[in-house]
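Scroll down for the structure; my scribbles are underneath it.
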Amino acid sequence: MRTRSDAAQRYTPPDAAAALAEQQLADLKATLHEMRERQPQAESLSRSQTDREIIAARRSGRAKKISVIVPVYNEEDNIDPLFKALFSVLSRLTADFEIIAVNDGSTDHSYERLSAFAGQHPEVKVVNFRRNFGQTAAIMAGIDYSSGDILVFIDSDLQNDPDDIPVLLDKLNEGYDVVSGWRKDRKDAAIRRSFVSRTANRLISWVSGVHLRDYGCTLKAYRAGVIRDIRLYGEMHRFIPIYATWMGAKVTEIPVRHHERRFGRSKYGLERTIKVLLDLIVIKFLDKYFAKPIYIFGGFGILSILVSLGAVGLMMYWKLFEGVSMILTPLPLFAAMTFLVGAMSILMGLLAEMIVRTYFESQRRGPYEVRNVLNR
Ligand code: UDP
Ligand code: MG
């Protein structure tokens, strides 16, 4: 129990408190001075332009922080070598950094390995999903839990090379908002790097108007501002540069290394291509018509009704001038069908308008559920 004399002992007279505060201030100034003295040394050690810029930014009070985001799904044997490589690369940069590992419902020992690292290093955050929600959801969570000014994404299977991170950062510092990795010499099964993937990449590039050669490469660097509020579903993480371009970002692509998978298995098969293509349709639709769905539904509806009216006109013409009975042609059925489809489509457009309004006005919910977060 706390007694009166306890309280009396804790009491510091105002003069003494002021003296203490002054002492602390003096200590702080001394530390600051010492740090300034050390700065030139740090500069001579710096390896790249990025480092120098970061030092300059720190001096002017605009310190940059780099968040490295890794999606993890059953990669137990890759985690130790990956984190060692990441730490060795990131600690050479003078920027602050954090590593956000998102455990996407792994059923092996990935989570234990990650939590061991999180226990030793406060820079490592672990976001642990309740179940497997997919790579896109994992990347989305990584963005949500990050606090950096620059976000770097990298696979946890060591197929991407952590040594490429400084190269991406240098490129970013040339004035880009997004630097995307291009697996020029891709080390995956032949079928996946060949025709299918190349065609898919060309198609995405053509449909979106954003010209990248390799959308599928996870290794990318972004300025946080261009993707902070992004919402991703399905297989859409590969389309982030497209979103970013819509936000007015400057996007570029550079070749990066790619290695064969040493541990664990790839989580995807060729069926992913179909999902990606369907997502591409969604993306295109969202780009053009998300805010005004009535334009596409209504446009189609009006076209369909015009076709219906044309069919009726043709029917009447044949009946009146050529004496062909209406029921001898398929036109009545055709006219009725196109009219119905048209009317339904316009009504669906109105429904979609209502949905879009609900979407915009309701509070947004993420596509994942987090069990816990280490070192938040
Ligand atoms: N991944 C994930 N959730 C999934 C599937 C994959 O977090 O449902 C992660 C996986 O751990 C890896 C990255 O996404 O770090 C890429 O997966 P994978 O290597 O299987 O894809 P590939 O390189 O074969 O295209
Ligand atoms: Mg891989």
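Worth a mention:
- Residues being among the basic types (K, R) and within 16 Å of ligand 2 (Cβ to nearest atom) - total across the range 216-229: 1
- I274 aliphatic (A, V, I, L, M) and at pLDDT 90 or above: no
- The criterion of at least 3 residues that are exposed (fewer than 14 other Cβ atoms within 10 Å of the Cβ) and away from ligand 2 (no atom under 16 Å from the Cβ) is met by the following helices (runs of 4 or more DSSP H) wholly inside the range 230-347: 271-289, 293-317.
- Taking each residue of the range 246-268 that is under 14 Å from D185 (Cα atoms) and among the hydrophobic types (A, V, I, L, M, F, W, C) and looking for partners that are within 16 Å of ligand 1 (Cβ to nearest atom) and not in a loop (DSSP other than H, G, I, E, B) with beta-carbon atoms closer than 8 Å, six or more apart or interchain, yields I254/S180; I254/G181; I254/W182; V256/N160; V256/D164; V256/G181; V256/W182; V256/R183.
- Pair list, Cβ under 8 Å, 6 or more apart: the range 67-79 residue at negative phi, other residue within 13 Å of ligand 2 (Cβ to nearest atom) and β-branched (V, I, T): V68/I154; I69/I154; V70/I154; P71/T218; I79/V72
- Matching strands (runs of 3 or more DSSP E) fully within the range 62-159 where at least 2 residues are within 13 Å of ligand 1 (Cβ to nearest atom): 65-72, 96-103, 124-129
- The C-beta contact set for the range 176-187 (first residue assigned by TED's automatic domain parsing to the domain that holds D164, second residue of a type in the set (G, A, S) and modelled with pLDDT of 90 or more, distance under 7 angstrom, 6+ apart or interchain) comprises V179/A221.
- Complete set of residues in the range 188-232 that are free of Cβ contacts under 8 Å to residues at least 12 places away in the same chain and within 11 Å of the chain's Cα centre (by Cα): D229
The values are calculated or read from the model by the stated rules, or taken from the named source; none is laboratory data. Predicted, not measured: the structure shown is a model, and the values here were computed from it. Every residue, glycine among them, receives a Cβ derived from its backbone with ideal geometry; neighbour counts consider all protein chains shown.
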